[in-house]
């Protein structure tokens, strides 16, 4: 990179997920100045941050920070920092293949429950030949909450498998499936969703929004798939509704506390499947290339790729 396009970048290596991006960045841009710790009380040379989480107290030590780029598809780990100055631009990682990965995972979880795979595996283990009725997907409605670039691919995949698919979004947009918009239509949407797929961004408005009152509006015997953020679902309320029999179960890939503690009742629940936040992840190469392109754009005063509207959180 040319010298006038060579800012100093801080990467906070909070996980192996971030470390893989750090290694790729060092490999692809060996002349770029990249640090993993702030040198001294403050570092005025750092102009960009590339991280998944931004703890409080970091941003004030970077007086010339101009860009905070998330290494993941969500930017909530950065936006949650209470002391990130309002002038700092925030971006998130977007990759076309991410929607397909998420669609694979969501359809896997829905089909696992819809086609009674756990029961068939039990019969296999017991050498039991017992035919099961084949359900009709056209009579089952899947509700997708969040219809962005990823949610749209998920919805299309479920339509292709024969399900009725509806979607809910905070604001109106073009959609290829019946769309419910805003709080006024949320209850009607939930009441029709035999399977509920949560793909909402994590914002102050969505935090805790899938609580007992909301989940109770789902039809009896419904199934929840959460691949968004754990804090959107009130976990105790979900557990109670499954134990009470109102919900048939859940497939949970995200949790309020990660890693999920070993004593969580989710681990041993026969109607809940826990996976370790692996539904979909942006691949390293495109994420790093996007960051490098945004550094170039920032230096030249051009619009950034996948900039987050900080007023809404996505």
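Bear in mind these aren't lab numbers, they're just calculated from the coordinates by the rules spelled out. Here the structure is a predicted model, which is why all the values come from computation and not from measurement. Note: ideal-geometry Cβ built from the backbone for every residue, glycine included; neighbour counts use all protein chains shown.
Miscellaneous remarks
- Note on the stretch 253-314: Kirkwood radius taken over Cα pairs, Stokes-Einstein applied at 37 °C and 0.692 mPa s, translational D equal to 216 µm² s⁻¹.
- Considering the stretch 96-274 at the alpha-carbon level, its Rg and Dmax are found to be 16.0, 52 Å.
- The stretch 9-41 and the stretch 182-196 have Cα centres lying 43 Å from one another.
- Most mobile listed residue (26, 229, 216) in the chain, GNM with C-alpha springs under 10 Å: 26
- Taking a ≥ b ≥ c as the square roots of the eigenvalues of the alpha carbon gyration tensor, the stretch 1-85 is oblate, as a/c is not under 1.5 and a/b does not beat b/c.
- Pair residue 131, residue 257: separation of 7 Å Cα→Cβ label points (nm): 4.9
- In percent, rounded to a whole number, the relative contact order of the stretch 96-274 is 16, using alpha-carbon pairs under 8 Å and six or more apart.
- At R0 = 35 Å, FRET efficiency that the Cβ-Cβ distance of residue 16 and residue 207 yields, to 0.05: 0.85
- Of 38, 272, 110, the one that fluctuates the most in a GNM where the chain has Cα springs shorter than 10 Å: 38
- The stretch between residue 28 and residue 100, if pulled fully straight at 0.36 nm per residue, gains 23.3 nm over its current Cα-Cα span.
- The stretch 264-314 and the stretch 68-120 have their alpha-carbon centroids 6 Å apart.
- Both the radius of gyration and Dmax for the chain are 21.5, 71 Å, in that order, over alpha-carbon atoms.
- Between helix 96-114 and the chain: long-axis angle, C-alpha atoms, 0 to 90°, nearest 10: 20
- Within the listed set 87, 271, 124, the residue fluctuating most in the Gaussian network model of the chain (springs between alpha-carbon atoms under 10 angstrom) is 124.
- Relative contact order computed over the chain (Cα-Cα under 8 Å; 6+ residues apart), in percent: 16
- Under the simplified labelling scheme, the residue 138-residue 185 pair shows an inter-label distance of 2.5 nm, with each label point 7 Å from Cα along Cα→Cβ.
- When shorter helices are ignored and each DSSP H run of at least 4 residues is given -39500 (n - 2.57), the per-residue value for the chain at 222 nm works out to -9000 deg cm²/dmol.
- Estimated distance in nm for a label pair at residue 246 and residue 268, the labels positioned 7 Å out from Cα along Cα-to-Cβ: 2.5
- 43, 263, 211 arranged by Cβ crowding within 10 Å, fewest neighbours leading: 263, 211, 43
- On the beta carbon distance between residue 149 and residue 41, with R0 = 35 Å, the FRET formula returns roughly 0.30.
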